[in-house]
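Novice: Provided herewith is a single structure, encoded as structure tokens, for subsequent inquiry.
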Amino acid sequence: MNDQGIKSRPSYRLLSLDPTGRRHLLLSDGTAVGAFADDTTLQDFDERWTISDLGEAHPGGDHQARDLTFGAEPQLLADLDRRLKTEQIGLRLYAIGTEPFLWRVMAVAAEAGMGRDEVRLFAGRLGPRRVYCIHCGVIADGVVANVATCPGCGAALFVRDHFSRRLNAFAGVKVDAEVPGDLPAVEILYA
Amino acid sequence: MTAHTPLNPMPLTLRVRAIETLSPSLKRLTLVSADGAALPPPPPGSHLTLALPLDGAQTRSYSIVSPANDRAAYGLIVRRAERSRGGSAYIHQRLAVGDRLKSAVPTSQFHLHSLARKHVLIGGGVGLTPLLSFLHDLRVQGRPVELHQICRADEADAFRQILEPFAGHAIHLHTGRTRLDLQAILGGQPLGAHLYICGPEPLTAAVRAAAADVGWPAGAVHHESFGASGGAPFTVRLARSGRDIAVGEDETLLEALEAAGANPPALCRGGACGECITVVLDGAPDHRDHFLSSDDRASGRLVMPCVSRAKTALLTLDL
């Protein structure tokens, strides 16, 4: 049982096309399967951008193509950032992938002025967590267990379901603050 | 037990410092504090509710067009309504420089969205007035803004003069809506833009429809309509006293209650604040507020008298 009952933990729904949008751009980090609601298929999206380790170098500058493949996430996010700066209202973004990818996409979209009602996210696989140490502010990436060691201050952090959309990270709180060294059993929960 | 002391709804006494005729149908009023004290700052988009000496004391609300940081005077622009309920006719014909009026503290239900990347303002006729206070505010903040004002040809000169102080910004005056390509205006806006509409209901409806057509997200479209307070006349029954009060087609339920001497608490008079919430015992409310949840609406047990009406000939309230 891993639901801590904390409301800030995002929940995700299978993607369907937002009927109020006029142009639909789908972004995927290549990890997700089964991301669509029954009434929705890949063909419904005007453009599809994907990341693939096997992908050829991304076709720079050719934004006419319906499908683009990027070799790595930073390229995709940089192109998205450039694209959104010149986009007009009416665009809807969709992202599928691991949770940290989704919220990096959301951050680029928000930077361009898009609101939560213009972006739909689906975490096909939640994956390892980013954990923000509330004591020193350092973020640990790739956390798979209920307790993580902070790479900044060394504290043993309990990984809460308390999620910051701004930081794209879960809150980590010193787990043995009251009785130093009193640590719970380690469970792998977020692999 | 603590005695409940209602707040004075009309705490300000204002003196008419100037009345300027902008066109046969438009006057600009400048109201100053009667005792010279600094006035409460009017938030952008706010309106001022004045007590006018009509039949008994009646209240009318007008948008404030002066800047939010001007605490010396409130500026109003009042259009003489073709079918005036008394308020605009009084202001146009009888109000004189030096007159004193009681007023409420300015309140606003029409807000600028602080995260917007650009503000697109569309005004129809005297619906320009709240947008003028937005323009003041956005100019001070240096935020991107584009305004489209639609008006009758015979009022174009007056609105051109009103907008003169904002020359140099993207200000467009259109006479009539027929040749206006709303889809082109709205479709070309950048991500993060917010849209604000104030005008008669048909214009508001047309702009909202055009915005939806080109894919504006609903959360970025804001509107304030006027002239929508009326509707079919109905009767309101006060269950506690058994009194029946007629609500005319040109007055609000709240105004009818006040005119009859029943004074339910009320604050914003625009369906936003929730202060006037009233229990419905019988009949079907016609909800026009922004306060009640969809569950509350569906239940039909609550109504906001400041803006809402009745779908049934008789509405019985727990008053």
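The values are calculated or read from the model by the stated rules, or taken from the named source; none is laboratory data. As the structure is a prediction and not an experimental result, all values here were calculated from the model. Here Cβ is always computed from backbone atoms with ideal geometry, including for glycine, and neighbour counts include all displayed protein chains.
Novice: Restricting the search to region A:171-185, which residues are loosely packed, with under 12 Cβ neighbours inside 10 Å and under 30 Å from the mean Cα position of the chain (by Cα)? Lay out the reasoning, then the answer.
Specialist: Here is the first cut: in region A:171-185, the residues loosely packed, with under 12 Cβ neighbours inside 10 Å are A:178-182, A:184-185.
Residues satisfying the conditions are A:Pro184, A:Ala185.
Novice: Is at least one residue of region A:126-134 farther than 30 Å from B:Pro144 by Cα, assigned to a loop (DSSP other than H, G, I, E, B), among the hydrophobic types (A, V, I, L, M, F, W, C) and modelled with pLDDT of 95 or more?
Specialist: Of the residues in region A:126-134, the ones farther than 30 Å from B:Pro144 by Cα are A:126-134.
If we keep only those that are assigned to a loop (DSSP other than H, G, I, E, B) too, we end up with A:126-128, A:134.
Then drop every residue that is not among the hydrophobic types (A, V, I, L, M, F, W, C), which leaves A:126, A:134.
From what's left, modelled with pLDDT of 95 or more: A:134.
Yes, the conditions are met somewhere in region A:126-134.
Novice: Hey, among B:Gly215, B:Gly261, B:Gly274, which residue is in a loop (DSSP other than H, G, I, E, B), within 14 Å of chain A (Cβ to nearest Cβ) and out of contact with any strand residue (DSSP E or B) (no Cβ under 6 Å at 6 or more places or on another chain)?
Specialist: Within the list B:Gly215, B:Gly261, B:Gly274, the selection yields B:Gly215.
Novice: Pull up region B:101-134, narrow it to residues that are in a loop (DSSP other than H, G, I, E, B), in contact (Cβ under 8 Å) with a residue 24 or more places away in the chain and within 14 Å of another protein chain (Cβ to nearest Cβ), then point me to the one that is farthest from A:Thr86 (Cα to Cα).
Specialist: Of the residues in region B:101-134, the ones in a loop (DSSP other than H, G, I, E, B) are B:104-106, B:109-117.
Pick out the ones that are also in contact (Cβ under 8 Å) with a residue 24 or more places away in the chain and you get B:104-106, B:109-113, B:115-117.
Checking which are within 14 Å of another protein chain (Cβ to nearest Cβ) leaves us with B:113, B:115-117.
On the way: B:His113: 21, B:Leu115: 18, B:Ala116: 16, B:Arg117: 13 Å.
Only one residue tops the list, namely B:His113.
Novice: Here's a follow-up. Checking the condition on the phi > 0 side of the Ramachandran plot and buried (at least 21 other Cβ atoms within 10 Å of the Cβ), which residue from B:Gly192, B:Gly261 passes?
Specialist: Values: B:Gly261 fails: buried (at least 21 other Cβ atoms within 10 Å of the Cβ).
One residue alone meets the criteria, B:Gly192.
Novice: Sort out which residues of region B:98-119 are under 19 Å from the mean Cα position of the chain (by Cα) and within 14 Å of B:Leu131 (Cα to Cα), and write them in order of number.
Specialist: Answer for region B:98-119, where residues must be under 19 Å from the mean Cα position of the chain (by Cα) and within 14 Å of B:Leu131 (Cα to Cα): B:Ser108, B:Gln109, B:Phe110, B:His111, B:Leu112, B:His113.
Novice: Shifting gears a bit: For region A:77-98, how many residues are more than 10 Å from chain B (Cβ to nearest Cβ) and of a type in the set (Ser, Thr, Tyr)?
Specialist: Residues flagged as more than 10 Å from chain B (Cβ to nearest Cβ) and of a type in the set (Ser, Thr, Tyr) within region A:77-98 amount to 2.
Novice: Given the criteria over 23 Å from B:Cys273 (Cβ atoms), at pLDDT 90 or above and out of contact with any strand residue (DSSP E or B) (no Cβ under 7 Å at 6 or more places or on another chain), does B:Ser33 qualify?
Specialist: No.
Novice: Go through region B:136-202 and tell me which strands (runs of 3 or more DSSP E), entirely inside it, have 3 or more residues that are without any contact (Cβ under 8 Å) to a residue 40 or more places away in the chain.
Specialist: The qualifying strands (runs of 3 or more DSSP E) are B:145-151, B:170-175.
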